[in-house]
Amino acid sequence: MSLALTDVTLTYPDGETSVTALDDVSLRVAPGELAAVVGPSGSGKSSLLAVAATLIRPASGTVQVGGVDVAGLSAAELTRLRLNRIGVVFQQPNLIGSLTAVEQLLVTEHMRGRSPRASRAAAAKTLATVGLDGRQHRRPHQLSGGERQRVNIARALAGDPGVLLVDEPTAALDHDRGAQIIELIVEVTRTFRLATVLVTHDTEFLGAADAVVEMRDGRLAPAPTAARG
Ligand code: ADP
Ligand code: MG
């Protein structure tokens with residue numbers, strides 16, 4: 001499934017005036033491709049992901065997921081799109097403290113209306129895919145930071161999405177664990193032919209990306225080669 005943002009502009013109200021978070025941004029990601037987004041804090045990277053995730057509607061421009069312009073979808077269709085087509089991974093895993101790894105995935109599977117039996121088998125398989133075989137029944141406090149982020153990624157993959165949106169997934173991790181998480185994101189992008197957008201500060205891993213773009217004051221430009229480590 002492909003992802004395409006075309007001429008997207010987004011403003012937030014800011015007192016008497018407004019902040020332009022995205023200024024005429026266009027980005028295209030084909031199935032199986034990973035686009036890395038770098039840029040300073042406050043430049044609009046998370047806003048870009050929020051628009052791509054259809055969580056925020058832009059002031060102008062279009063967002064297409066799998067060739068479909070999301071502006072034309074009803075509220076119910078948008079909910080289904082988010083649940084079944086778009087996987088999102090935030091910086092902090094946001095896991096539920098009382099639930100095991102497999103149960104974290106079952107919460108969203110339940111929202112998808114899948115049967116508990118089928119969901120449980122699928123969730124166990126997805127956890128194995130992200131390297132958490134044998135860890136299914138651990139709660140967040142029994143997992144390392146890297147493992148918690150893997151559960152977060154597994155949860156994003158559980159619905160078998162076509163688009164994966166990842167926001168600074170390594171910010172809370174040490175170098176080696178961060179590197180493994182980026183490797184995992186590249187691997188699942190290729191294996192499941194996802195259109196992935198990865199916001200990251202880890203410029204040393206950008207060689208694995210198909211495109212590297214830089215946000216500055218809401219504008220997107222090809223990153224200078226120096227940023228590609
Ligand atoms: P980044 O992820 O690159 O740090 P953001 O997308 O979070 O950038 O923010 C881009 C700009 O939009 C910043 O100026 C930020 O202060 C502003 N902004 C982000 N979210 C909101 C919001 N909900 N309301 C108002 N302004 C916001
Ligand atoms: Mg951000």
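The values are calculated or read from the model by the stated rules, or taken from the named source; none is laboratory data. Source: prediction; values computed, not measured. Quick reminder, even Gly has a Cβ in these numbers, built from the backbone with ideal geometry, and neighbours come from all protein chains shown.
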Would you be able to say whether some residue in region 187-208 is surrounded by fewer than 19 Cβ atoms within 10 Å (Cβ to Cβ), at pLDDT below 95, aliphatic (A, V, I, L, M) and not in a helix (DSSP H, G or I)?
no
If you go through region 47-67 one residue at a time, do you hit one that is hydroxyl-bearing (Ser, Thr, Tyr), closer than 27 Å to Ala209 by Cβ, away from ligand 1 (no atom under 14 Å from the Cβ) and surrounded by 15 or more Cβ atoms within 10 Å (Cβ to Cβ)?
yes
Restricting attention to region 82-100, which residues are touching a helix residue (DSSP H, G or I) at 6+ places or on another chain (Cβ under 8 Å), within 16 Å of ligand 1 (Cβ to nearest atom) and assigned to a loop (DSSP other than H, G, I, E, B)?
Phe90
Within region 36-81, residues among the small types (Gly, Ala, Ser), assigned to a helix (DSSP H, G or I), free of Cβ contacts under 8 Å to residues at least 12 places away in the same chain and over 14 Å from Gly218 (Cα atoms) come out as Gly72, Ala75, Ala76
For Ala76, work out the one condition from (1) buried (at least 21 other Cβ atoms within 10 Å of the Cβ); (2) more than 13 Å from ligand 1 (Cβ to nearest atom) it doesn't fulfil.
(1)
Residues in region 150-163: is at least one modelled with pLDDT of 95 or more and either surrounded by fewer than 17 Cβ atoms within 10 Å (Cβ to Cβ) or among the charged types (D, E, K, R) (or both)?
yes
